[in-house]
1. Out of segment 295-339, which residues are open to solvent by less than 20 Å² (accessible area, probe 1.4 Å) and assigned to a helix (DSSP H, G or I)?
2. Contact list please: Cβ distance under 6 Å, first residue in segment 4-32 and at pLDDT below 90, second residue assigned to a loop (DSSP other than H, G, I, E, B) and surrounded by 14 or more Cβ atoms within 10 Å (Cβ to Cβ), pairs at least six apart or on different chains.
3. Would you confirm whether any residue within segment 159-173 is touching a Phe, Trp or Tyr at 6+ places or on another chain (Cβ under 9 Å), in a strand (DSSP E or B) and among the hydroxyl-bearing types (Ser, Thr, Tyr)?
4. Please identify the pairs in which a residue from segment 302-316 that is among the aromatic types (Phe, Trp, Tyr) has its Cβ atom under 7 Å from the Cβ atom of a residue that is part of a helix (DSSP H, G or I), counting only partners at least 6 apart or on another chain.
5. Among the numbered conditions (1) in contact with a Phe, Trp or Tyr (Cβ under 9 Å, 6 or more places away or on another chain); (2) open to solvent by 20 Å² or more (accessible area, probe 1.4 Å); (3) free of Cβ contacts under 8 Å to residues at least 40 places away in the same chain, tell me where GLU190 comes up short.
6. Which residues, counting only those in segment 129-164, are hydroxyl-bearing (Ser, Thr, Tyr) and touching a strand residue (DSSP E or B) at 6+ places or on another chain (Cβ under 8 Å)?
7. Quick test of your reading of the structure: THR269 fulfils all but one of (1) open to solvent by less than 60 Å² (accessible area, probe 1.4 Å); (2) out of contact with any Ser or Thr (no Cβ under 7 Å at 6 or more places or on another chain); (3) not aromatic (Phe, Trp, Tyr). Name the failing condition by number.
8. Look through segment 57-97, keep the residues that are polar (S, T, N, Q) and within 20 Å of LEU134 (Cβ to Cβ), and return whichever of them is least open to solvent (accessible area, probe 1.4 Å).
Amino acid sequence: MDCSQRGISKLPTSLEFGHPISVINFQSNRIKALEMSTFARVDNIEELDLSANQITQIQNFTFAPFHSLALLRLSHNYLTEVAPGLLDGMRNLRVLEIGHNVIQRLNNTAFRATPNLQELRMQYNPIFELPEQLFKFLPKLERLDLQDTGLVRLPSELFSPTPHLHWLSLSSNAFENVPEEALSKAPMLENLDLSGNDFTSLDRGNFRRLSKVSLLYLNNLSRLRRIEKDALAGLTALKSFSCSYNPNLIYVDEEAFGSANSTISKERTMPHEQLFLRQNALRTLKSPLKMESWSSLSFVDLADNPWKCDCNLRWMRQLKMETQMNIVCDSPANLRGRPLSTVSASELKCESTWALTTFVLSVSTLVVFALVVLTSSAIVCSRTRVGLYVRAKKQFSYAKVKPKLETVDLDWDPSADF
């Protein structure tokens, strides 16, 4: 039954829906509140859509008659909390969408009535902090969306009660470090999105206990500058790695996916299917993968970086032609604007370091000579009258002077007092 976009502002009480109706859609109306008496007989309803309304309040037990409900949409409303009794009666609920509200409070018992919930979407709510036992009643949870919820940390045991969680979005939050302790409690995690956070670097072992992750997204990280050695080690099931649109990312270590002597993983954990490093600030890159691994990838995107086409990029000449065509030189000036596919290996030159070395040595020699001259001058000057005076003034301290004490008897003449 489709009642969407009908200008409805209030639902009548004791609504009944019989067979064969299984889906009710009240989307995009002007409903502001739901009362406990709104619904009566709705045993066969499997989907209820109340999204994009103006709902600010739902009384407890309002949805209790929906014994067969599998999907409930309450997104794009003005709810401020998930009251402990809000979901009572919906033991068969599989999908709950409460994103795009103004939810600020979540109690440990908020989801106690939905033990069969598999998908929970809470994105775009100003939650800021999650209780450690929030998901203790959700043992079957598989998909969780926490995008843009103001999170700066995760409780270490948050995902312990959800052993089947395999899809998680933590994008557009305020994490400064990868919440590896909490993530390690989700052993079946396969799809992880950490885009849009405040990481400045990815460091050794950040993903060491995420051996099941096959899709990893690290896009739009405005503060990210470096991906260090062994930062991505341990991702043994990784299929696709997306790290694009990071305007300050200037460095990816050649052993970012694991080193030969790594204690995190015995093998380099490289993506098996796709690699995206598009539109970062990379000027140069040492191959983070073995050359045979590059050829096995179905798609590689290295476009829109300010590449410095010199000898350090010669290895890229072995990449597939379609990949080379999207690698455009930004420097040196004589190669600017040219796709790598049109640049010969002989043109990928590195400037001789001899001139730089000579310059550094010359400057060093001059600095040493200047220091010697200044030291000598200081010694000579310190022996002159002015020099000795300055040294004496610096060394003098009134605290070292001991006053001379003596007793003097004075006769007082009152006539002298004016």
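1. LEU313, MET316, THR323, GLN324, LEU335
2. Short answer, once both residue conditions are applied: PHE17/VAL42; PHE17/ILE45; HIS19/ASN44.
3. yes
4. Close Cβ pairs satisfying both conditions: TRP307/LEU313.
5. (3)
6. THR162
7. Here THR269 meets the rest and fails (2).
8. Among them, the one singled out is SER75.
The values are calculated or read from the model by the stated rules, or taken from the named source; none is laboratory data. If you're wondering where the values come from, they're calculated on a predicted model, not measured in any experiment. Note that we place each Cβ from the backbone using ideal geometry, even for glycine, and neighbour counts take in every protein chain shown. Note: areas computed on protein heavy atoms with side chains; ligands, DNA, RNA excluded. Shrake-Rupley method; radii C 1.70, N 1.55, O 1.52, S 1.80 Å.
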